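Below is one structure, written out as structure tokens; the observations come after it.
The values are calculated or read from the model by the stated rules, or taken from the named source; none is laboratory data. Since we're looking at a predicted model, the values are computed, not measured. Because the Cβ atoms are built from the backbone with ideal geometry, glycine has one as well, and the counts that use them run over all protein chains shown. To get the accessible areas, we keep the full protein, side chains included, count just its heavy atoms, and leave off ligands, DNA and RNA. Shrake-Rupley method; radii C 1.70, N 1.55, O 1.52, S 1.80 Å.
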There are 2 protein chains.
Amino acid sequence: MYDIAIIGSGPAGVSAALNAKILQKRFIWFSSGAVSEKVARAELIKNYPGLPDIKGGELAWTLKNHAESMGIEITERVVTGIYETGDKFSLTVGSDIFESKTVILCIGVQSVKPVRGEEQFLGRGVSYCATCDGFLYKGKTIAVLCTDKRFEHEVEYLCKLAHKAYVIPLYKYCQINMPNTEIIVDTPLEFAGDLKLKEVCFKNKKIEVDGAFVLRGAVSPATLVHGLQTEGGHIVVKRDCSTNINGIFAAGDCTGRPYQYAKAAGEGNIAVHSAVEFLDKK
Amino acid sequence: MYDIAIIGSGPAGVSAALNAKILQKRFIWFSSGAVSEKVARAELIKNYPGLPDIKGGELAWTLKNHAESMGIEITERVVTGIYETGDKFSLTVGSDIFESKTVILCIGVQSVKPVRGEEQFLGRGVSYCATCDGFLYKGKTIAVLCTDKRFEHEVEYLCKLAHKAYVIPLYKYCQINMPNTEIIVDTPLEFAGDLKLKEVCFKNKKIEVDGAFVLRGAVSPATLVHGLQTEGGHIVVKRDCSTNINGIFAAGDCTGRPYQYAKAAGEGNIAVHSAVEFLDKK
């Protein structure tokens, strides 16, 4: 059981991790990729106070090193669900469950919106987790929507299990090449069906499937945490970074504009202090 | 007429200045002392993301240099009053008035509370400004409460004008030495009088005066801006750092805990973005 689970490793996540470490909390820090991956793609940052004219890659490296210099470890796994269970939270990570008393969401903003019907058919044909649900589709027909090259091993795992797999890569240079697999270079518009998922619809065609896997670095906040209050895709937080769910805090771009590194780092700091206050009160 | 007046030069003020510059606003930045003076007194800072294990002095120097590297100038003067005048604000600085469409308060938290009666007798015997009001007390008896060595030249100016001056230094090694001046090493507890100030009261004595000057690096937010909503000494702000007065924003320690550099820098960033949005709407 952890005191704090931090999800995300942008500036907000790094800031949260530093403070959780300093405040000597038992915490776990999840990242779906490299630390500050999105920061690394920024060209030149002029307004992060104390680091003038820093390139994105350099800032990402600096933040990563700061955490490492304090002996902070990162768990490179994707959290796909957070459930309130009594006075704690259960986090679904692949086929594992992690438990924590508080959660700090530093999950950034999604550049990819969920596909229409995605939330509706989640658990009814749509899955986020290859290792958890893959076996359910052994010998069946599936679609695999994959947003990033780094999930290709999961795609391959699913293709091996399935009778027939449609792979929909949302990135360039997909290298999946298996006999039972068809690559579709198109944007899926809708998951359709009745009680269960039946089709994946594109602009000019539909494919019939038994199930569909969506492999993303992150899922939308409302999908990640059932009942979490959002507004325009942002998590609604108070000044202390608390959300509408007691014990869940949020920091960084996911809480809204301005999308700024200094703002994110500041909120990561605030969120941990609020989480610690919450833990102390319990 | 400025677009933005930034008051204070801690991490919030520096962050605000960087962003005002980048967003190409016409702004003026006031500091009552050295940039990030309070930061400089911190021993070791471990949780400012990107600058691991940095000494206070080094962080202060780094922040100052960042601003300087962008050609940002600082105005080393104390703002003693902010007044809403139509759709702009007038800032009293010594005997000068500066005008700005918006104001960002980054004034930190006061370690010195106002003396009882200070606000009550402000303008009725109590003054914050030697150069503006000194002449009113020519040939009279005054008390001069001084919180910092750097205001000693103002103290001397007042002593020269007065017939008799009681100087109350709230710092060590006061070097005022003038024939008509008595140094009182004691804490003033109250300014008393009826319609006008008459006495300064200490634990075991009172002194009769015609006027009293209070020379501080900063005044309390509620004294600085009439009508500003505060709570427990902190300025009440919304998530966008706006206060209850349209066009006035606040950032950093003055908006409440946690008193953290990252939080302050984040809010300085947010406040400018909000001020710019406010200006655009006008």
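Here are some notes:
- Pairs where the first residue, in the stretch A:251-275, is at the interface with chain B (Cβ under 7 Å from one of its Cβ atoms) and open to solvent by 10 Å² or more (accessible area, probe 1.4 Å) and the second is of a type in the set (S, T, N, Q) and in a helix (DSSP H, G or I), C-beta under 6 Å, 6+ apart: A:260/B:269
- Each residue in the stretch B:49-76 was checked for being open to solvent by less than 10 Å² (accessible area, probe 1.4 Å), touching a residue at least 40 places away in the same chain (Cβ under 8 Å) and more than 7 Å from every other protein chain (Cβ to nearest Cβ), and 1 of them qualify.
- Of everything in the stretch A:241-250 that is of a type in the set (S, T, N, Q) and either within 12 Å of another protein chain (Cβ to nearest Cβ) or without any contact (Cβ under 8 Å) to a residue 60 or more places away in the chain (or both), the residue that is surrounded by the most Cβ atoms within 10 Å (Cβ to Cβ) is A:242.
- Only one of B:95, B:90, B:32 that is touching a helix residue (DSSP H, G or I) at 6+ places or on another chain (Cβ under 8 Å), more than 12 Å from chain A (Cβ to nearest Cβ) and within 25 Å of residue B:134 (Cβ to Cβ): B:95
- The stretch B:215-240: number of residues that are within 13 Å of chain A (Cβ to nearest Cβ) and touching a residue at least 40 places away in the same chain (Cβ under 8 Å): 2
- Subset of the stretch B:118-138 that is assigned to a loop (DSSP other than H, G, I, E, B) and open to solvent by 50 Å² or more (accessible area, probe 1.4 Å) - its residue that is farthest from residue B:78 (Cα to Cα): B:138
- Hits in the stretch A:156-176 - residues which are of a type outside the set (Ser, Thr, Tyr) and open to solvent by 50 Å² or more (accessible area, probe 1.4 Å): A:156, A:160, A:163, A:164, A:170, A:172, A:175
- Filtered by the rule that a residue be within 19 Å of residue B:8 (Cα to Cα) and either basic (Lys, Arg) or modelled with pLDDT under 90 (or both), the stretch B:106-142 gives B:109, B:110, B:111, B:112, B:113, B:114, B:128, B:129.
- Enumeration of residues in the stretch B:26-47 that are modelled with pLDDT of 95 or more and under 23 Å from residue B:218 (Cβ atoms): B:27, B:28, B:29, B:30
- Residue check for residue A:155: assigned by TED's automatic domain parsing to the domain that holds residue A:209, closer than 19 Å to residue A:220 by Cα and outside any loop (DSSP other than H, G, I, E, B): no
- Within the stretch A:140-155, the only residue that satisfies the criterion of being touching a Leu at 6+ places or on another chain (Cβ under 9 Å) and open to solvent by 70 Å² or more (accessible area, probe 1.4 Å) is A:140.
- Some residue of the stretch B:198-212 being modelled with pLDDT of 95 or more and under 20 Å from the mean Cα position of the chain (by Cα): yes
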